[in-house]
1. Do the alpha carbons of any pairs in Lys15/Lys123; Lys15/Lys137; Lys15/Lys118; Lys55/Lys87; Lys2/Lys49; Lys2/Lys137 sit beyond 20 Å of each other, and which pairs?
2. Taking the Cβ of Tyr8 as the center, what net charge do the other residues with Cβ under 15 Å away carry, scoring Lys and Arg +1 and Asp and Glu -1?
3. Using only the alpha-carbon atoms, how far is helix 13-25 inclined from the longest principal axis of the chain? Give it as 0 to 90 degrees, nearest 10.
4. Quick check: the angle from helix 43-53's long axis to the longest principal axis of the chain, C-alpha only, nearest 10 degrees?
5. Treating only the Cβ of Lys, Arg, Asp and Glu as charged (+1, +1, -1, -1), what charge dipole size does the chain show about its Cα centre? Round to the nearest 20 debye.
6. Report the extension gain between Lys123 and Asn144 in nm, rounded to one decimal, defined as 0.36 nm multiplied by the number of residues separating them, less their alpha carbon distance.
7. Contact order normalised by length for the chain, with contacts defined as Cα pairs under 8 Å and 6 or more residues apart; what percent is it?
8. Which distance in nm do the two modelled labels at Lys137 and Lys55 give, with both placed 7 Å along the Cα-to-Cβ direction?
Amino acid sequence: MKDFFISYNKADTDKAEWIAWQLEEAGYTTIIQAWDFGPGENFVLAMQKAATEAKRTIAVLSPDYLQAQFTAPEWAAAFAQDPAGEKRLLIPVRAREVELTGLLRTIVYIDLVGIADKNEARKRLLESIGNNRKKPKAEPDFDNLF
């Protein structure tokens, strides 16, 4: 079983591949159409297999993603297995400016929009993908709080 299925629209292939690369470099396993689906395969069956054989789904959010025909069932399958988000089976990653509506609006996403530094984007992705708390290492400054 793979760690992540990367769900994306073809307009965001470059972003999806970057995300998959970073995850694999960090020791995770991924399934991504650009690397894992070959000529002659049935696209819909390959997506079904990827969605069921990965522990979690990453939705690479963009306007194209939200308008595409096949992406909604991909993220909806993960959402249906964990509608309260307790297992974090659906991890949205905002890759381009997009306004979220409906059910996607309620899910906390990883925001990579506007990050110009590759190392900062990688850090944000990997720190957010883990299940660790984000408690600061130093005590918050008390001055001017109250």
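Every read-out reported here was derived from the displayed coordinates using simple, explicitly stated rules and does not represent laboratory data. All figures in this text were calculated on a predicted structure; none of them were measured in a lab. Quick reminder, even Gly has a Cβ in these numbers, built from the backbone with ideal geometry, and neighbours come from all protein chains shown.
1. Values: Lys15/Lys123 15 Å; Lys15/Lys137 31 Å; Lys15/Lys118 12 Å; Lys55/Lys87 10 Å; Lys2/Lys49 11 Å; Lys2/Lys137 32 Å.
With Cα atoms farther than 20 Å apart: Lys15/Lys137; Lys2/Lys137.
2. On the way: positive: Lys10, Lys15, Arg56, Arg94, Arg96; negative: Asp12, Asp14, Glu17, Asp36, Asp64, Glu74.
In short, -1.
3. Helix 13-25 and the main axis of the chain meet at about 70 degrees.
4. The helix 43-53 is inclined about 50 degrees to the chain.
5. Numbers: 19 positive and 22 negative charges, 65 e Å.
So the magnitude is around 300 debye.
6. Details: separation 21, 0.36 × 21 = 7.56 nm, distance 2.99 nm.
Value of the extension gain: 4.6 nm.
7. Values: 178 pairs, mean separation 33.1, N = 146.
RCO, the chain: 23 percent.
8. It is 2.6 nm.
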